[in-house]
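All remarks here apply to the structure that follows.
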Amino acid sequence: MEPYADVVASDRPSPSAALVRRMLQRAALRGPGTVPQRRIAYERAAEALAAPPAGAETVTVGAASGIWIRRPAAGRPVLLYLHGGFYSIGSARSHLHLADLLADLSGAACLVLDYRRAPEHPFPAAVADALAAVETIRAVAPVSPLVIAGDSAGAGLALSVAMRLRDGRAAAPDLLVLLSPWADLTCSAGSHRELASADPVLATEDLLAMAAGYAGGADRRHPEISPIFGDLAGLPPVLVQVGGQEVLLDDALMLVEGIRAAGGEAVLHHWPHMFHGWQWYHPLLPEGVRALRDAGQVIRAVTAGAGTAPDRNGGCAASTPGPGTASSAPTGPPG
């Protein structure tokens with residue numbers, strides 16, 4: 001992925017970052033609620049943060065559904081976006097604003113998948129749905145470069161899908177973009193202890209409860225549940241972004257190290273002062289815009305052979321704060 005290499009964003013946090021962190025800390029004191037309550041809160045938070053993109057189109061994708069932000073076109077890569085939310089509470093709607101900006105900045109068409117969620121649909125339902133989404137994209141854009149991106153649980157799912165495609169000798173995606181990947185559902189890495197007090201978004205106990213719901217009766221060390229325990233050889237190039245103030249820090253670092261040790265190509269963008277899911281808050285956070293712009297540049301570099309289309313909004317117009325303001329911004333963390 002030359003000339004793109006590891007990046008450490010050592011700038012001091014913006015005032016907006018401090019404000020969002022305080023909001024998240026206050027929200028955490030109110031208790032997690034039930035899964036249905038958290039699903040509703042997540043989508044309402046997203047609606048308060050940013051308006052949905054114009055022209056979004058809901059489609060059936062196998063046993064699930066998805067939302068095309070924009071359809072494939074000649075010479076344009078296609079981005080499959082897999083949302084976060086513990087495999088349980090996020091949705092395509094809660095992540096449209098994140099996927100939309102990443103697609104804009106990378107010049108890509110974009111399908112955001114609404115994969116079936118746990119606990120109603122435990123593993124391997126989400127993996128099957130993501131594979132169906134890859135088939136859907138290949139059917140409508142067979143020669144377009146394919147990028148699979150996701151955040152948190154969605155990033156872990158993207159990695160599991162890439163492993164399944166490799167093992168089935170199917171065409172690999174051109175790039176994986178993994179934002180704070182949840183790659184170890186045993187939550188056994190040291191950062192779960194070392195950064196527990198620093199992380200305003202994730203609590204290891206909550207992660208473990210959601211992991212049990214997703215795994216069902218399967219072993220959480222199964223490589224398609226916790227891909228950190230799988231074979232990391234033969235994967236497409238991988239971009240990983242992670243914050244230094246999140247309990248999933250070691251998931252990201254071990255993943256990059258493991259891919260490189262297996263002979264693969266992995267780039268790490270480390271933001272030492274950022275919390276989990278900061279890209280989700282990009283309408284409020286300049287750091288979120290910058291991180292997604294960096295990811296968009298890597299996508300453009302990797303897919304440049306196909307030629308990319310201009311950004312729909314002309315540069316970074318979509319990165320300016322939307323209807324949410326510092327006083328009215330959502331307080332639900334993106335899990």
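The values are calculated or read from the model by the stated rules, or taken from the named source; none is laboratory data. Computed from a predicted structure; not experimentally measured. When we count neighbours, we look across all protein chains shown, and the Cβ atoms used for this are built from the backbone with ideal geometry, even at glycine.
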Original post:
Restricting the search to the stretch 215-247, which residues are within 20 Å of residue 290 (Cβ to Cβ) and part of a loop (DSSP other than H, G, I, E, B)?
Top reply: 244, 245, 246
Subject >> Residue pairs meeting the criteria (Cβ under 6 Å; at least 6 apart or on separate chains; first closer than 17 Å to residue 239 by Cβ and surrounded by fewer than 24 Cβ atoms within 10 Å (Cβ to Cβ), in the stretch 91-115; second modelled with pLDDT of 95 or more and among the basic types (Lys, Arg)) >> reply: 105/293
Subject >> Filtered residue count, the stretch 226-255, keeping only those that are closer than 28 Å to residue 12 by Cβ and surrounded by 24 or more Cβ atoms within 10 Å (Cβ to Cβ) >> reply: 12
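Can residue 195 be described as at pLDDT 95 or above and in contact with a strand residue (DSSP E or B) (Cβ under 9 Å, 6 or more places away or on another chain)?
On the way: at pLDDT 95 or above: yes; in contact with a strand residue (DSSP E or B) (Cβ under 9 Å, 6 or more places away or on another chain): no.
Criteria not met by residue 195.
Among 138, 169, which is the only one that is over 28 Å from residue 283 (Cα atoms), surrounded by fewer than 19 Cβ atoms within 10 Å (Cβ to Cβ), among the basic types (Lys, Arg) and free of Cβ contacts under 8 Å to residues at least 24 places away in the same chain?
Details: 138 fails: free of Cβ contacts under 8 Å to residues at least 24 places away in the same chain.
Unique residue meeting the criteria: 169.
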Original post:
Restricting the first residue to the stretch 180-200 and requiring it to be closer than 25 Å to residue 238 by Cα, which pairs with a second residue that is assigned to a loop (DSSP other than H, G, I, E, B) and basic (Lys, Arg) meet a Cβ separation below 8 Å and a spacing of at least six or different chains?
Top reply: 185/220; 186/220; 186/221
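How about the stretch 98-123: which of its residues are within 16 Å of residue 88 (Cβ to Cβ) and part of a helix (DSSP H, G or I)?
Step one: list which residues in the stretch 98-123 are within 16 Å of residue 88 (Cβ to Cβ), which gives 113-123.
Once the filter is applied, which keeps residues that are within 16 Å of residue 88 (Cβ to Cβ) and part of a helix (DSSP H, G or I), the stretch 98-123 yields nothing.
Based on what the data block shows, is residue 20 closer than 18 Å to residue 94 by Cα, at pLDDT 95 or above and of a type in the set (A, V, I, L, M, F, W, C)? Please lay out each step first, then the result.
Numbers: closer than 18 Å to residue 94 by Cα: yes; at pLDDT 95 or above: no; of a type in the set (A, V, I, L, M, F, W, C): yes.
When the stated conditions are applied, residue 20 does not pass them.
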Subject >> Residues satisfying the stated conditions in the stretch 177-205, i.e. assigned to a helix (DSSP H, G or I) and surrounded by fewer than 17 Cβ atoms within 10 Å (Cβ to Cβ) >> reply: 193, 194, 205
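Could you list, in sequence order, the residues of the stretch 135-161 that are part of a helix (DSSP H, G or I), more than 18 Å from residue 98 (Cα to Cα), small (Gly, Ala, Ser) and in contact with a helix residue (DSSP H, G or I) (Cβ under 9 Å, 6 or more places away or on another chain)? If you could, list the steps in order and put the result at the bottom.
The first filter runs over the stretch 135-161 and keeps only residues part of a helix (DSSP H, G or I), leaving 135-140, 153-161.
Keeping just the survivors that are more than 18 Å from residue 98 (Cα to Cα) gives 135-140, 159-161.
Okay, now just the ones that are also small (Gly, Ala, Ser), so 139, 160.
Within the stretch 135-161, just 160 meets the criteria.
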**OP:** Out of 160, 188, report the one residue that is among the small types (Gly, Ala, Ser) and closer than 14 Å to residue 248 by Cβ.
**Re:** 188
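Can you tell me which of 26, 70 is surrounded by fewer than 19 Cβ atoms within 10 Å (Cβ to Cβ) and among the basic types (Lys, Arg)? Reasoning before the result, please.
Numbers: 70 fails: surrounded by fewer than 19 Cβ atoms within 10 Å (Cβ to Cβ).
26 is the lone residue from the list that is surrounded by fewer than 19 Cβ atoms within 10 Å (Cβ to Cβ) and among the basic types (Lys, Arg).
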Original post:
Considering only the stretch 68-87, how many residues are in contact with a Lys or Arg (Cβ under 8 Å, 6 or more places away or on another chain) and either among the aliphatic types (A, V, I, L, M) or outside any loop (DSSP other than H, G, I, E, B) (or both)?
Top reply: 1
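Here is a check on your reading of the model: is residue 260 more than 18 Å from the chain's Cα centre (by Cα), basic (Lys, Arg) and farther than 16 Å from residue 153 by Cβ?
Numbers: more than 18 Å from the chain's Cα centre (by Cα): yes; basic (Lys, Arg): yes; farther than 16 Å from residue 153 by Cβ: yes.
Answer is yes for this residue.
Among the residues in the stretch 114-126, are any of a type in the set (A, V, I, L, M) and farther than 23 Å from residue 230 by Cβ?
Just the residues of the stretch 114-126 that are of a type in the set (A, V, I, L, M), to begin with: 118, 125-126.
Filter once more, keeping what is farther than 23 Å from residue 230 by Cβ: none.
Within the stretch 114-126 (the criterion being of a type in the set (A, V, I, L, M) and farther than 23 Å from residue 230 by Cβ), the answer is no, since none of the residues qualifies.
Given the criteria buried (at least 17 other Cβ atoms within 10 Å of the Cβ) and over 19 Å from the mean Cα position of the chain (by Cα), does residue 38 qualify?
Numbers: buried (at least 17 other Cβ atoms within 10 Å of the Cβ): yes; over 19 Å from the mean Cα position of the chain (by Cα): no.
Criteria not met by residue 38.
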Original post:
Do we find a residue being within 24 Å of residue 226 (Cβ to Cβ) and either more than 16 Å from the chain's Cα centre (by Cα) or not β-branched (Val, Ile, Thr) (or both) anywhere in the stretch 101-109?
Top reply: no
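Would you mind stating whether residue 93 is basic (Lys, Arg), in contact with an Asp or Glu (Cβ under 7 Å, 6 or more places away or on another chain) and more than 17 Å from residue 157 (Cα to Cα)? If you could, list the steps in order and put the result at the bottom.
On the way: basic (Lys, Arg): yes; in contact with an Asp or Glu (Cβ under 7 Å, 6 or more places away or on another chain): yes; more than 17 Å from residue 157 (Cα to Cα): yes.
For residue 93, the condition - basic (Lys, Arg), in contact with an Asp or Glu (Cβ under 7 Å, 6 or more places away or on another chain) and more than 17 Å from residue 157 (Cα to Cα) - is met.
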**OP:** Take residue 65 and decide whether it is polar (S, T, N, Q), at pLDDT 95 or above, surrounded by fewer than 22 Cβ atoms within 10 Å (Cβ to Cβ) and part of a loop (DSSP other than H, G, I, E, B).
**Re:** no
Subject >> Residue that is surrounded by fewer than 24 Cβ atoms within 10 Å (Cβ to Cβ) and in a helix (DSSP H, G or I), where the choices are 126, 132 >> reply: 132
